[in-house]
Amino acid sequence: MTPFPWLLALPPLLFLLFFLALPLTRTLLEGGVNLAIWQDPYFTGRLTWTLAQATLTALIALIVGAPLAYLLSRYSVPGKRLLLRLLLLPFVTPTLVAVLGITALLGPRGWLTALLGVDLEGTPALLILGNLFFNLPVMVRLAYGGFSRVPPALTGAARTLGASGLRAAWTVALPLALPGLAAGFILVFLYSALSFGLPLALGGEQYATLEVEIYTLTAYQLRLSEASALIAGQLALTLTATWAYVRLSRGGMGVPAHGLPTPRGRVAALLWALVAVVVLVCFGPLVAVAARGVLGSEGPTLSYWRGVLADPDTPLLIGNTVRFGLLALLGATLLGGLHALAAWLARSRALDLLSLLPLMVSPVSLAVGYLLAYPALSATLPLLIAAYTLLGFPLVTRSVLPALRALPPRLLEAARTLGAGRRAAHRTVTFPLTLPALRGGVALALATVLGEFGATLVLTRPEWATLSTGLYERLGRPGERNLGEACALATILLLLAALSFTLLDGGEGEVT
């Protein structure tokens, strides 16, 4: 094998070394790893709860998302393409926005709480719903990709031989799509297990996860040896699950389906019921946030928006958010594209796995590691942009890599046969065919970076405040007006994310 793919991989690998591996290693070594903490029933209980809530979230997402994805892949549904694209929006919604939306719907004074007469405060239900808000779209999109790779002719043949629609789906489509479904289950499990903001805001002390305990041990109690033991255990779990995910998600892109039938009868009823559930869970909180920005205790009002727009700091918040996002996007696009191309050319499972690590490593652990490994760079703009880039470039890689794997090898061979060199073949064949996926990954990375909160809070300075930090500050102040203005800022963040999709997304990107 030529060294060319590994030369392409060198920049992203060096970036991962300096901004992922070294900070994480420094965190683990700073105080030693006190493994005795795993004998404490309290921390084993936190581990059990972390695994239980992540597993429950993944199961619910599978039960709801898999049937919906199958029906979407087998029937002509109005607005299907738009729904699948919009399902990326919850994934990139800032955690604080999600918390606002969920409490607006189901908090002590939430609209659904008053309507249903059920108060979920103090229960784990709010945390599970928060996890589903972020991760149900991931399951639907990955399951849809898995079922789309099953040719409709196979299920049609089963129906011709006398199988019912349900039996054809269970005996033909499900086994063939199982790797995609399992990959979606693992990914939802990982995201739920590594979540920090949601359990911190919605779980409380009773339902704190390992990630919250790591934060408490490091930020408040300075017990680094105990925190390192928790981080080490979390890493072992994460790496095992990530390896399994990579093994399961190596398929190509979906098989185009033409002339799909229109759903009727019970199939149509089930389809639209599942769509309603997904829309309520994934978009209800976003609508609630936008509504709270224009609704006061006495009815509709624009005073919250006037307060935000009249605030002299608002232009700075918006400007910093956009500027930092675009700076990080340059690095994320370059590093993510190189990593995807190298993993494709080298056919390396190791490179595939490494591209996922930034998404699977504890952000709290990394934040502590940055402060320990690079004290001279703390509160500097390069370190903040590097943290943003680390968050964004794996999303570019995960969008471009499936498109590269789906390229028919004969196209490149034909270009080489006609006299094109390697670079010319990639420029005229590979790049145009993967450009939509690249645009989708870039849009996803930008929208994610625009709403990033954790790195900004740890590494920023007052003059670098963004919309996320402005939102956080208003949430820390009491009063209805501050809550309304926080919702107005959250709406601006959502509009920026939607605008990034409109301008950049080619509509073909799929994060896998």
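Here are a few things to note about the model shown:
- Single unsatisfied condition, Ala276 versus (1) assigned to a helix (DSSP H, G or I); (2) surrounded by 12 or more Cβ atoms within 10 Å (Cβ to Cβ): (2)
- From the options Leu302, Leu280, Leu286, Leu270, residue that is more than 30 Å from the chain's Cα centre (by Cα), at pLDDT 85 or above and either outside the structural domain of Leu483 (by TED's automatic domain parsing) or hydrophobic (A, V, I, L, M, F, W, C) (or both): Leu302
- Taken over region 356-376, residues that are at pLDDT 75 or above and more than 14 Å from the chain's Cα centre (by Cα) amount to 9.
- Flag if Leu334 is more than 29 Å from Leu237 (Cβ to Cβ), at pLDDT 80 or above and touching a helix residue (DSSP H, G or I) at 6+ places or on another chain (Cβ under 8 Å): yes
- Every residue from region 72-131 that is among the basic types (Lys, Arg) and within 30 Å of Gly146 (Cβ to Cβ): Arg74, Lys80, Arg81, Arg85
- Any pair with Cβ under 6 angstrom, 6 or more apart, that starts in region 297-313 at a residue that is hydroxyl-bearing (Ser, Thr, Tyr) and ends at one that is surrounded by 13 or more Cβ atoms within 10 Å (Cβ to Cβ) and assigned to a loop (DSSP other than H, G, I, E, B): Tyr304/Gly293
- Some residue of region 53-63 being surrounded by fewer than 16 Cβ atoms within 10 Å (Cβ to Cβ), more than 30 Å from Arg223 (Cα to Cα) and either in contact with a Pro (Cβ under 8 Å, 6 or more places away or on another chain) or not assigned by TED's automatic domain parsing to the domain that holds Leu493 (or both): yes
- Helices (runs of 4 or more DSSP H) lying entirely in region 51-121 (those with 1 or more residues that are of a type in the set (Phe, Trp, Tyr)): 88-91, 111-116
- Helices (runs of 4 or more DSSP H) fully within region 151-239 counting 3 or more residues that are modelled with pLDDT under 70 and out of contact with any Lys or Arg (no Cβ under 6 Å at 6 or more places or on another chain): 152-160, 165-168
- Residue in region 12-27 that is without any contact (Cβ under 8 Å) to a residue 12 or more places away in the chain, in a helix (DSSP H, G or I) and farther than 30 Å from Thr321 by Cβ present: no
- Which listed residue, of Leu327, Leu335, is in contact with a Pro (Cβ under 7 Å, 6 or more places away or on another chain) and touching a residue at least 12 places away in the same chain (Cβ under 8 Å): Leu335
- Residue identified as assigned by TED's automatic domain parsing to the domain that holds Leu190 and hydrophobic (A, V, I, L, M, F, W, C) among Leu82, Leu24: Leu82
- Those residues of region 117-137 which are hydrophobic (A, V, I, L, M, F, W, C) and modelled with pLDDT of 85 or more, in sequence order: Ala125, Leu126, Leu127, Ile128, Leu129, Leu132, Phe133, Phe134, Leu136
- Residue pairs whose Cβ atoms lie under 9 Å apart, sitting 6 or more positions apart in sequence or on different chains, and linking a residue in region 123-136 that is under 20 Å from Arg109 (Cα atoms) and free of Cβ contacts under 8 Å to residues at least 24 places away in the same chain to a partner that is of a type in the set (Phe, Trp, Tyr) and surrounded by fewer than 24 Cβ atoms within 10 Å (Cβ to Cβ), are Thr123/Tyr207.
- Within region 329-385, restricting attention to residues that are part of a helix (DSSP H, G or I) and among the aromatic types (Phe, Trp, Tyr), the residue that is surrounded by the most Cβ atoms within 10 Å (Cβ to Cβ) is Tyr370.
The values are calculated or read from the model by the stated rules, or taken from the named source; none is laboratory data. Model, not experiment: these values are computed from the prediction. Here Cβ is always computed from backbone atoms with ideal geometry, including for glycine, and neighbour counts include all displayed protein chains.
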